[in-house]
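Peer 1: I have a structure I would like to understand better, so I am pasting it below and will then ask my questions one at a time.
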Amino acid sequence: MWYWIAAALILVVGIGLRLIGTHDDLWLDEIWTLHLLEPVTSVGQIIWGINHDNNHFLNSIYLYLVGPDASPVVQRALSVVLGTAAVVAEAGPLRRSRTRRASREGTRPRFRRRGA
């Protein structure tokens with residue numbers, strides 16, 4: 001039970017910190033990405049036309065779709081969602097390692113599985 005409470009707490013803190021950071025002005029790399037997107041007229045040009053270290057395809061496509069006039073919260077929404085998903089994805093391996101450790105020690109993990 002404590003495992004799920006700790007996991008939920010970590011997730012809430014992770015979301016909270018990300019959301020707090022979305023309300024500030026754009027950072028230099030975000031402004032630079034929007035500057036690189038100014039001459040772009042299609043998504044294909046983002047992939048094939050921008051040859052720059054700051055061109056991260058998924059983020060650039062998202063920023064192209066929401067536009068430079070969107071609020072910083074909207075412009076950073078993809079980063080918030082994917083960052084939160086990374087925290088959730090990390091919980092899976094941690095849970096499996098806990099189960100493996102319990103099986104090595106000859107004990108059962110302390111969480112119960114629902115169902116059959």
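Rule-based calculations on the coordinates, nothing more; no lab input. All of these numbers come straight from a predicted model, not from anything done at the bench. Here Cβ is always computed from backbone atoms with ideal geometry, including for glycine, and neighbour counts include all displayed protein chains.
Peer 1: Restricting attention to region 48-63, which residues are in contact (Cβ under 8 Å) with a residue 12 or more places away in the chain and hydrophobic (A, V, I, L, M, F, W, C)?
Peer 2: Scanning region 48-63 gives 50, 58, 61, 63.
Peer 1: Quick one: residue 80 ticks every box in (1) in contact (Cβ under 8 Å) with a residue 24 or more places away in the chain; (2) on the phi > 0 side of the Ramachandran plot except a single one, so which number is it?
Peer 2: So the condition that residue 80 fails would be (2).
Peer 1: Residues being more than 25 Å from residue 11 (Cβ to Cβ), surrounded by 11 or more Cβ atoms within 10 Å (Cβ to Cβ) and not hydrophobic (A, V, I, L, M, F, W, C): count how many of those fall in region 61-90.
Peer 2: Summing the residues that are more than 25 Å from residue 11 (Cβ to Cβ), surrounded by 11 or more Cβ atoms within 10 Å (Cβ to Cβ) and not hydrophobic (A, V, I, L, M, F, W, C) in region 61-90 gives 3.
Peer 1: Here's a follow-up. Within region 1-35, track down each residue that is under 26 Å from residue 54 (Cα atoms) and of a type in the set (Phe, Trp, Tyr).
Peer 2: 27, 32
Peer 1: Would you tally the residues in region 1-42 being in a loop (DSSP other than H, G, I, E, B), closer than 16 Å to residue 62 by Cβ, in contact (Cβ under 8 Å) with a residue 40 or more places away in the chain and not hydroxyl-bearing (Ser, Thr, Tyr)?
Peer 2: Qualifying residue count for the region: 1.
Peer 1: Please count how many residues of region 45-60 are part of a helix (DSSP H, G or I) and either in contact with a strand residue (DSSP E or B) (Cβ under 6 Å, 6 or more places away or on another chain) or surrounded by 10 or more Cβ atoms within 10 Å (Cβ to Cβ) (or both).
Peer 2: The number of residues fulfilling the criteria is 7.
Peer 1: Could you go through region 28-40 and let me know if any residue there is exposed (fewer than 11 other Cβ atoms within 10 Å of the Cβ) and within 17 Å of residue 79 (Cβ to Cβ).
Peer 2: For region 28-40, residues exposed (fewer than 11 other Cβ atoms within 10 Å of the Cβ) and within 17 Å of residue 79 (Cβ to Cβ): present.
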